[in-house]
Amino acid sequence: MNPKLLEIAAYIEKNPYESSGHIYHPLPFPEFRHLQTSSAEESAYRKWDWIVNCLRSASAPFEGSVLDVGANAGFYSFSLAKCGARVDAFEPHEFYAGIGRQIVDATGLHVRWHNKPLEASDLAGQKYDIALMLSVFQWISQGDKHVQEATDLLRLVASSSRYLFFEMGCNQGKSAISTSERPLAWIWKKLGEATIPKHIAFLGSTTAWGKKRRFLFVCADSPIHLTLWQRLVTISLRWHWIR
């Protein structure tokens, strides 16, 4: 066990940040396993499994460069860094970015923290192997207020990365985007609008709280190997979108 990580975990335990848990997301180190999360811990690990399986099927380099937009305390940033990746993590929340920086100091993992929202200027001249936008689009758009601005940033992230993992839900939660369409169809159309000519595929859905469902997609420069169920859903969504 890492003594410095144990110190960070002890501080979080004594000073929980979330009203329904010590911390929002789990952290991928045994020193933090006893902490309670305000979101469903199993959903974070399920998404991680889908991301890993998708990258493995594409023979993608885990030791490549990663952009994590809205990284929170770094569950996905550190999970990829432990595989050898070099990560740029953007998190405007001072508490969570601070925890992430302390973990970097304690572990030496290659995660560079930016305590600010991602802006278009941050992507100038940048190319990433992998980008993550997991349940952050609706916060960038502030619900329905700035959807076009968020879409423009999504387009830049997609053009700057080989593989983009994108997740969100609709009509639920703070800063939710409202739509009369099925959420899956709305998200598919938004990705098609912002990531063409990438290949788009649906990976699965999770529930972070109760029955509030979020949907995970991958947008890639080349076709992705999918399970039969993922292929059927992807084909159905493509037909719905084109129709």
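The values are calculated or read from the model by the stated rules, or taken from the named source; none is laboratory data. What you are looking at is a predicted structure, and each value in this text was computed from that prediction instead of being measured. Because the Cβ atoms are built from the backbone with ideal geometry, glycine has one as well, and the counts that use them run over all protein chains shown.
Just wondering, is there one or more residues in region 99-107 that are touching a residue at least 40 places away in the same chain (Cβ under 8 Å), small (Gly, Ala, Ser) and under 26 Å from residue 215 (Cβ atoms)? Working first, answer last.
Taking region 99-107 as the starting set, the residues that turn out to be touching a residue at least 40 places away in the same chain (Cβ under 8 Å) are 99, 102-103, 105-107.
Still in the list and also small (Gly, Ala, Ser): 106.
If we keep only those that are under 26 Å from residue 215 (Cβ atoms) too, we end up with none.
Within region 99-107, none of the residues are touching a residue at least 40 places away in the same chain (Cβ under 8 Å), small (Gly, Ala, Ser) and under 26 Å from residue 215 (Cβ atoms).
Being modelled with pLDDT under 85 and either over 26 Å from residue 39 (Cα atoms) or surrounded by fewer than 18 Cβ atoms within 10 Å (Cβ to Cβ) (or both) narrows it down to one of 222, 160, so name that one.
Values: 160 fails: modelled with pLDDT under 85.
The conditions single out 222.
Residue-by-condition table, conditions (1) within 23 Å of residue 214 (Cβ to Cβ); (2) within 19 Å of the chain's Cα centre (by Cα); (3) among the hydroxyl-bearing types (Ser, Thr, Tyr):
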position: 20; (1), (2), (3): yes, no, yes
position: 24; (1), (2), (3): yes, yes, yes
position: 34; (1), (2), (3): no, no, no
position: 37; (1), (2), (3): yes, yes, yes
position: 55; (1), (2), (3): yes, yes, no
position: 97; (1), (2), (3): yes, yes, no
position: 110; (1), (2), (3): no, yes, no
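Which residues, taken from region 49-97, are assigned to a helix (DSSP H, G or I) and over 21 Å from residue 8 (Cβ atoms)? Can you show your working first?
From region 49-97, those assigned to a helix (DSSP H, G or I) are 49-57, 75-81, 94-97; that's our starting set.
Correct list: 49, 50, 51, 52, 53, 54, 55, 56, 57.
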*Residues in region 115-151 that are crowded, with 18+ Cβ neighbours inside 10 Å, among the aliphatic types (A, V, I, L, M), in contact with a Ser or Thr (Cβ under 8 Å, 6 or more places away or on another chain) and outside any strand (DSSP E or B): how many?*
2
*Give me the pairs: first residue in region 28-50 and within 16 Å of residue 4 (Cβ to Cβ) and in contact (Cβ under 8 Å) with a residue 40 or more places away in the chain, second residue of a type in the set (A, V, I, L, M) and crowded, with 16+ Cβ neighbours inside 10 Å, beta-carbon distance under 8 Å, and six or more apart or on different chains, which are they?*
29/5; 29/103
*Among (1) surrounded by 15 or more Cβ atoms within 10 Å (Cβ to Cβ); (2) out of contact with any strand residue (DSSP E or B) (no Cβ under 7 Å at 6 or more places or on another chain); (3) among the small types (Gly, Ala, Ser); (4) within 24 Å of residue 199 (Cα to Cα), which single condition is residue 65 missing?*
(2)
_Filtered residue count, region 82-104, keeping only those that are in contact with a helix residue (DSSP H, G or I) (Cβ under 8 Å, 6 or more places away or on another chain), hydrophobic (A, V, I, L, M, F, W, C) and more than 13 Å from residue 129 (Cβ to Cβ)_ = 4
*Mind listing whichever residues of region 52-62 are surrounded by fewer than 21 Cβ atoms within 10 Å (Cβ to Cβ) and not hydroxyl-bearing (Ser, Thr, Tyr)?*
52, 53, 56, 58, 60, 61, 62
*Inside region 175-197, can you point out the residues that are closer than 14 Å to residue 213 by Cβ and loosely packed, with under 15 Cβ neighbours inside 10 Å?*
182
*May I ask you to list the residues in region 167-204 that are modelled with pLDDT under 85 and closer than 15 Å to residue 47 by Cβ?*
169
*Please find, among 24, 11, the residue that is surrounded by fewer than 20 Cβ atoms within 10 Å (Cβ to Cβ), within 30 Å of residue 201 (Cα to Cα) and hydroxyl-bearing (Ser, Thr, Tyr).*
24
